[in-house]
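The values are calculated or read from the model by the stated rules, or taken from the named source; none is laboratory data. All of these numbers come straight from a predicted model, not from anything done at the bench. Counting neighbours? That spans all protein chains shown, and the Cβs are built from the backbone with ideal geometry, glycine included.
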Amino acid sequence: MAEMTIEKPRRRRVRMSLGDRIFDAVNYTLLCLLMVVTLYPFLNTLAVSFNDASDSLRGGIYLWPRKWTLENYKFVFEEAAILQATITSVLRTVIGTVLTVFCSAMVAYTISRPEYVLRKFVTIAFILTMYINGGLIPTYLLIRDLGLIGSFWVYIWPGLIGVFNLIIIRSFIENLPDNILESAKIDGAGEFRTFISIVLPLCTPVLATVALFTGVWQWNSWFDVFLYNSSYEHLSTLQYELQKTLSFSNASNRSVDFTAAPSQGGLTQVTPYAIRSTMTIVASVPIILVYPFLQKYFVKGMMVGGVKE
Amino acid sequence: MYLIPQPADRFARRETKMDNNLMLTDMSVAVKQKPRGLKRFFKLLIQQRALVLMSVPFVIWLFVFRYMPIWGWTIGFQNFKPAKSFWEQEWVGFYHFEFLFGDERFLRVLRNTLVMSTINLVLGFVTAITLALLLNEVRHLVFKRVVQTVSYLPHFLSWVVAAGIIRTVLDPDGIINDLLTRLNLIDEKILFLGIGEWFWGIYGASIVWKDVGWNTIVYLAAITMIDPTLYEAAEIDGAGRFRKIWHITLPGIRPVITVLLIMNIGYLLESGFEPQYLLGNGMNMDYSENLDIFVLKYGINQFNYSLSVAASIFKTVVSFILLFVANNLAKRMGESRLY
């Protein structure tokens, strides 16, 4: 498993037939087209976010701003609500990810121990939840009864451990060489010591994958904010603020009349379109900066669930 | 797993597959380890108290957050009034279920759910396999890696961001209308999201845009497992690119395709929640509204808890049966290539 890589050195071909060349040309064109379709909307949003807001309404902005400005970003970052939401997003991402990674790894370690008496019970208890769940309303009522509504912890506790994470960490631990764990035991380390000082460091690749999945999920969440904390403004998140701007305009972007009320300065000209584009960029940049560097880890993580010899 | 827009949905397919594997190994271990007598069991429990302390608190967490809500299913058989206690609720049996199946809106929602999950299934498979095959034919490794990295990007963006981007693209002033006008294909700008009948197509395009790259991972992994000597032999026999794809690559990943396809049938009622909710509007709701949105609208917006719970019980029970059947089928047909 560990030796599997996506890119295998390909067989070298010396001669290329005409058919091969045509195939390659079509193939490369299609793949370039895919990249354009994937990236264009994003680059366009980026251009709009750096373009003068009222100028953007005239349309015709493609990949480059027509009238450069930082006003949109200034507006977004000076808006107290958005700033607060960004802080909450960062907090839930950091705290949620750290707790999820640690707790999932701990449970995964216990169910990877063949001698553990409760191993089967714990494993099945977790796996069953993939098949059956209470659904929206019962969960909502439970969260309400637990007093988690209007609390920051409603972002952390309900999603603490995911079964998929548990499974990929478990398979990783099971593939570690046995003698490492055994020698730790012989040296007199208890289970918890072994877990902290030996298993955790060895699991860095899989933990990076889980951290990425959890971090992205936490950062991107908006539904739990909407469901539980929509009337608690100080607990709003960036994605939820963005979602609210989406529901302003329904089917169309720019035709909506919206008199921007610049909170400071008076001269700032903003439109929902410009704000939305700017917030979209702010909400995506952290992810774009992180995921390419973890690519080799998450590709392996997905493969654990996919193909096994 | 979580609430309605299950964040782990995209992994669920693989989770269930894993679990077959898991269950199997557990069984074998359990047979060996099964405590003979309670005394031995408790002795072991005390001996392994460190492991117990490391896992049991999370089992308690699991019971509170995952199993306790199942008790709430009783609401579906009551005329639930939030102010009353459990013992004071009025029990109505299957009344809400009967109502649902006579309700035109619910039947439309069911149709939308099935259509969209089928679109998701078919389109998801075809595009991901095609892209994986195309990527596999790229010999320029840097180019290949760049395409892969770019194609993963939309998967990591939230649906909120994706929906915003999709709306901008489909806007009357957006790039698609712009292109169509310039090519003189249309005279009047089209309000894409305002045409109900087009929603399914837009939904299909959106999910492909977002996840096609991500979905190739497992197929590319399967392709690397194909014995390279097969290709060499084919080359000697004079097979070209297409023939090699058709006779070696595709059959090589067939077990993976079969198993994933069967697995996905288990998710026939899971058409997702976020794209429909975020791209839906008053004009296309006849086509965009699915089961999850129905549950949300009745439950949270209209406080009709009982009806909402009845709809979600229906969904969970059908999904459970489908998953169970799918899992067993997959196990039987998966051959030894998987797991």
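Some observations on this one:
- The residues of the stretch B:149-198 that are surrounded by 15 or more Cβ atoms within 10 Å (Cβ to Cβ), of a type in the set (A, V, I, L, M, F, W, C) and not in a helix (DSSP H, G or I), listed by number, are B:157, B:190, B:191, B:195.
- Residue in the stretch A:111-128 that is in contact with a Phe, Trp or Tyr (Cβ under 7 Å, 6 or more places away or on another chain), facing chain B (nearest Cβ under 7 Å), not in a loop (DSSP other than H, G, I, E, B) and not basic (Lys, Arg) present: no
- Residue within the stretch B:268-285 that is farther than 30 Å from residue A:40 by Cα and surrounded by 19 or more Cβ atoms within 10 Å (Cβ to Cβ) present: yes
- Residue within the stretch A:150-171 that is of a type outside the set (Asp, Glu), more than 30 Å from residue A:229 (Cβ to Cβ) and surrounded by fewer than 23 Cβ atoms within 10 Å (Cβ to Cβ) present: yes
- In the set A:95, A:161, A:137, A:169, only one residue is facing chain B (nearest Cβ under 10 Å) and assigned to a helix (DSSP H, G or I); that residue is A:137.
- Test: residue in the stretch A:80-89 that is under 29 Å from residue B:205 (Cβ atoms) and modelled with pLDDT of 95 or more: yes
- Of the residues examined, residue B:75 is not one that is in contact (Cβ under 8 Å) with a residue 60 or more places away in the chain, of a type outside the set (S, T, N, Q) and within 30 Å of residue B:246 (Cα to Cα).
- Residue count for the stretch B:278-298 under the criterion of being at the interface with chain A (Cβ under 9 Å from one of its Cβ atoms), closer than 23 Å to residue A:242 by Cβ and in contact (Cβ under 8 Å) with a residue 40 or more places away in the chain: the result is 6.
- Whether a residue is under 29 Å from residue B:307 (Cα atoms) and not hydroxyl-bearing (Ser, Thr, Tyr) was assessed, and residue A:184 does not pass this test.
- Only listed residue being over 27 Å from the mean Cα position of the chain (by Cα), in the same structural domain as residue B:198 (by TED's automatic domain parsing) and in a helix (DSSP H, G or I), chosen from B:143, B:125: B:143
- The combined condition, being assigned to a helix (DSSP H, G or I) and buried (at least 16 other Cβ atoms within 10 Å of the Cβ), is fulfilled by residue A:82.
- Checked against (1) closer than 30 Å to residue B:286 by Cβ; (2) surrounded by fewer than 23 Cβ atoms within 10 Å (Cβ to Cβ), residue B:146 passes all but a single condition, namely (1).
- Elements of the type helices (runs of 4 or more DSSP H) sitting completely within the stretch B:1-86 and holding at least 3 residues that are more than 29 Å from the chain's Cα centre (by Cα), at the interface with chain A (Cβ under 8 Å from one of its Cβ atoms) and modelled with pLDDT of 50 or more: these cover B:38-47, B:49-62.
- Lone qualifier among B:131, B:107, B:135 - being assigned by TED's automatic domain parsing to the domain that holds residue B:293, free of Cβ contacts under 8 Å to residues at least 40 places away in the same chain and in a helix (DSSP H, G or I): B:107
- Residue match in the stretch B:87-97 (condition: over 32 Å from the mean Cα position of the chain (by Cα), more than 8 Å from chain A (Cβ to nearest Cβ) and assigned to a helix (DSSP H, G or I)): yes
So that you can scan it fast, the table gives a plain yes or no per residue for (1) crowded, with 16+ Cβ neighbours inside 10 Å; (2) of a type outside the set (D, E, K, R); (3) touching a helix residue (DSSP H, G or I) at 6+ places or on another chain (Cβ under 6 Å):
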position: A:185; (1), (2), (3): no, no, no
position: A:193; (1), (2), (3): no, no, no
position: A:218; (1), (2), (3): yes, yes, yes
position: A:221; (1), (2), (3): yes, yes, no
position: A:225; (1), (2), (3): yes, yes, yes
position: A:229; (1), (2), (3): yes, yes, yes
position: A:233; (1), (2), (3): no, no, no
position: A:236; (1), (2), (3): yes, yes, yes
